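Participant: Take a look at this one; I'll ask things after.
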Amino acid sequence: MTTTTAAPKSQGLAGVTAGETAICSVGQGKLVYRGYAIDDLAEHACFEETAFLLLVGHKPDAAELSAFKDEIVGYRRLPVGAVNLIKEISKAPGAVPMDVLRTVVSYLGQFDPNCQDISPAAEQTKSRQLLAQIPTIIGHMQNVIDGRDIVEPDDSLGHAANLLWMMTGQKPSDESTKVVDVSLTLYAEHDFNASTFASRVIAGTNADMHGAVTGAIAALKGPLHGGANEKAMDMLLEVGAVENVDSYMANAFATKAKIMGFGHRVYKQGDHRAPILHALGREAAEKIGPEATKWFDVGEKVQKIMLDEKDIHPNVDFPCGMTYYALGIPVPQYTPLFVAARITGWCAHILEQHATQKLIRPIAEYVGPENLKW
Ligand code: SDX
């Protein structure tokens with residue numbers, strides 16, 4: 001008779017080591033992807049290099065990177081059924097871009113002959129297909145929302161530039177491309193965060209990659225997780241101006257409201273990604289003008305109050321909101337862009353989980369009624 005020894009119990013598994021990974025280390029001291037510190041990657045690696053590192057496990061050489069980039073470019077276009085689905089659901093009343101993205105990813109699995117194949121080779125291919133297709137889904141969705149014709153992928157553009165091109169129909173500046181490229185690297189991976197852990201629980205039953213990614217997108221949407229980047233910008237727009245910050249924050253504290261883009265389950269002395277993106281976004285905003293720097297002024301005052309009065313630091317979602325707003329990206333596409341980055345981390349974890357062939361199934365402490373008679 002095996003007795004289940006009680007593992008450490010905590011609300012929301014806080015502080016519980018739920019497994020091991022060779023992909024990423026999230027710690028108070030630093031954030032590392034497969035041995036490389038995030039500030040090193042943000043400064044020296046493009047997003048395609050980061051994606052290769054996470055999916056394959058090592059830094060690509062020139063030939064590997066070139067082949068990887070060509071492979072992704074080749075996967076960018078969607079099956080016509082997926083384009084029609086995007087056209088149909090993107091303009092439905094109350095359509096939410098994260099729900100559209102989740103639905104289309106799930107749909108794509110139906111038309112992938114490899115969908116049920118969870119072998120490493122098949123999942124490497126599916127990872128690259130999803131990495132390439134998610135920006136196209138986002139771009140086509142935004143075209144429908146804007147009432148414009150569908151903008152096809154431009155094979156001459158890199159990953160970040162092509163994403164912006166498909167969303168707007170205009171070739172992005174090198175500056176905008178660089179900022180988005182770095183944001184994708186910063187967002188790419190973060191060990192057992194809620195959406196990644198959700199994808200591992202699904203993969204842990206030997207379910208397929210499209211199913212695990214669909215679940216991860218559903219989890220990331222929540223405002224306590226990836227959805228915070230949109231809510232953070234919504235909050236700044238509601239505050240409206242620097243002179244309103246003090247009264248807004250006083251009211252928020254009085255009503256015990258959560259300030260979106262602040263706090264973190266693991267980082268208690270600050271999110272290593274936040275200052276990197278804040279500096280990059282502020283620099284871009286300075287070149288754009290006061291209509292862009294205004295939101296950094298408002299945000300920096302919110303940040304000072306959160307630090308001075310609550311000792312709570314911003315997470316990566318806070319600078320993301322201000323930065324993407326400065327670049328003219330529609331707020332409801334912020335979390336979908338997070339998906340365009342995190343698809344690399346999710347797929348790396350799904351591959352790693354499938355390699356363990358281990359079901360994830362914790363125990364629960366029963367606190368309900370006992371000994372009732374029916
Ligand atoms: C992401 O896990 C990851 O790695 C995620 C992520 C990734 O890359 O995958 O980093 C991305 O999801 C970042 C987090 C985005 N979410 C938000 O910005 C939403 C706002 N943040 C909070 O809801 C909160 O900070 C969480 C959910 C992020 C973490 O919550 P915890 O660890 O469960 O901590 P808690 O909610 O119990 O807070 C502890 C205390 C509480 O005060 P008391 O009730 O003990 O008095 O700190 C307070 C909280 O009220 N607090 C906040 C706050 N965050 C914590 N108070 C106001 N505003 C906040 N944002």
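Participant: Among Gly299, Ser66, Phe47, which residue has its Cα positioned farthest towards the positive end of the charge dipole of the chain, with +1 placed on the Cβ of Lys and Arg, -1 on the Cβ of Asp and Glu, and the dipole taken about the Cα centre?
Facilitator: Farthest along the dipole direction, towards plus: Gly299.
Participant: Can I ask one more? What does the extension gain come out to for Asp146 and Gln124, with contour length at 0.36 nm per residue minus their alpha carbon separation?
Facilitator: Between Asp146 and Gln124, full extension yields 4.5 nm more.
Participant: Further question on the same structure: Going 7 Å from the Cα of Asp311 along its beta-carbon direction, which residues of region 14-28 have the amide nitrogen within less than 18 Å of the resulting point?
Facilitator: 28
Participant: Where nothing but the Cβ of Lys and Arg (+1) and of Asp and Glu (-1) is charged, how large is the charge dipole of the chain around its Cα centre, in debye to the nearest 20?
Facilitator: Value, rounded to 20: 1020 debye.
Participant: Carbon and sulfur atoms: what percent of the 1.4 Å accessible area of the chain do they account for? All intermediate terms of the calculation are to be shown ahead of the outcome.
Facilitator: Working: 9570 of 17420 Å².
Here carbon and sulfur together make up 55 percent of the probe-accessible area.
Participant: Among Glu283, Glu88, Glu49, what's the order by accessible area (1.4 angstrom probe), most exposed first?
Facilitator: So, going from the largest accessible area down, we get Glu88, Glu283, Glu49.
Participant: Output the Cα-based Rg and Dmax of region 92-229 in Å, rounding Rg to one decimal and Dmax to a whole number.
Facilitator: Rg, Dmax (Cα atoms, Å): 15.6, 44.
Participant: Give the accessible surface of the chain per residue, rounded to a whole number of Å², with probe radius 1.4 Å and ligands, DNA and RNA excluded.
Facilitator: 47 Å²
Participant: Go through 29-36, 151-158 and give me the packing order, highest mean Cβ count within 10 Å leading.
Facilitator: 29-36, 151-158
Participant: Considering the convex hull of the alpha carbon atoms of region 228-326, report its projected area averaged over all viewing directions, in nm², one decimal.
Facilitator: Dividing the Cα hull surface by four gives the mean projection, 5.6 nm².
Participant: In addition: Going Cα to Cα from Lys91, which lysines come in below 21 Å? Please leave out same-chain ones fewer than 8 positions away.
Facilitator: Within the straight-line cut-off, Lys91 pairs with Lys221.
Participant: Please pull out the direction-averaged projected area of the chain, using the convex hull of its alpha-carbon atoms, in nm² to one decimal place.
Facilitator: Result: a mean projected hull area of 22.7 nm².
Participant: Here's another thing I want to ask about it. All other residues with a Cβ under 15 Å from the Cβ of Val266 taken together, and with Lys, Arg as +1 and Asp, Glu as -1, what is their net charge?
Facilitator: Working: positive: Lys30, Arg265, Lys268, Arg273; negative: Glu189, Asp191, Asp271, Asp317.
Surrounding charge for Val266 is 0.
Participant: Shifting gears a bit: Based on Cα coordinates alone, diagonalise the gyration tensor for region 167-235, multiply each eigenvalue by 5, take square roots, and list the semi-axes in whole Å, largest first.
Facilitator: Working: eigenvalues 152, 49, 27 Å².
Sorted largest first and rounded, they come to 28, 16, 12 Å.
Participant: Placing +1 on the Cβ of each Lys and Arg and -1 on the Cβ of each Asp and Glu in the chain, which of Ala341, Leu351, His159 has its Cα farthest towards the positive end of the resulting dipole?
Facilitator: Leu351
Participant: Let me ask something else about it. Per the Debye formula with a single identical scatterer at each Cα and no solvent contribution, what log10 I(q)/I(0) holds for region 1-144 at q = 0.09, 0.16 Å⁻¹?
Facilitator: Per q value, in the given order, log10 I(q)/I(0) is -0.43, -1.04.
Participant: In whole Å and largest first, what semi-axes does the C-alpha gyration tensor of region 149-268 yield when each eigenvalue is scaled by 5 and square-rooted?
Facilitator: Three semi-axes, in Å: 30, 26, 12.
Participant: Here is a follow-up. Using amide H atoms built in the peptide plane, which far-off residues or other-chain residues are under 5 Å from Cys24 H to H?
Facilitator: For Cys24, the qualifying residues are Arg34.
Participant: Starting from the alpha-carbon convex hull of region 129-207, give the projected area averaged over all orientations, in nm².
Facilitator: With every direction weighted equally, the projected area is 6.6 nm².
Participant: Choose one answer from Asp234, Asp149, Asp181: the residue with the largest mean-square fluctuation in a GNM of the chain with alpha-carbon springs under 10 Å.
Facilitator: The residue that fluctuates most here is Asp149.
Participant: Given the options Gly57, Gly261, Gly15, state which has the largest fluctuation in a GNM of the chain using a 10 Å cut-off (strictly under) for Cα springs.
Facilitator: Of Gly57, Gly261, Gly15, the Gaussian network model singles out Gly15 as fluctuating most.
The values are calculated or read from the model by the stated rules, or taken from the named source; none is laboratory data. The model shown is predicted, which means the values in this text are computed figures rather than measured ones. For neighbour counting, all protein chains shown are included, and Cβ atoms are generated from backbone atoms with ideal geometry for every residue, glycine included. Accessible surface is based on the protein model in full, side chains and every heavy atom, while ligands, DNA and RNA are left aside. Shrake-Rupley method; radii C 1.70, N 1.55, O 1.52, S 1.80 Å.
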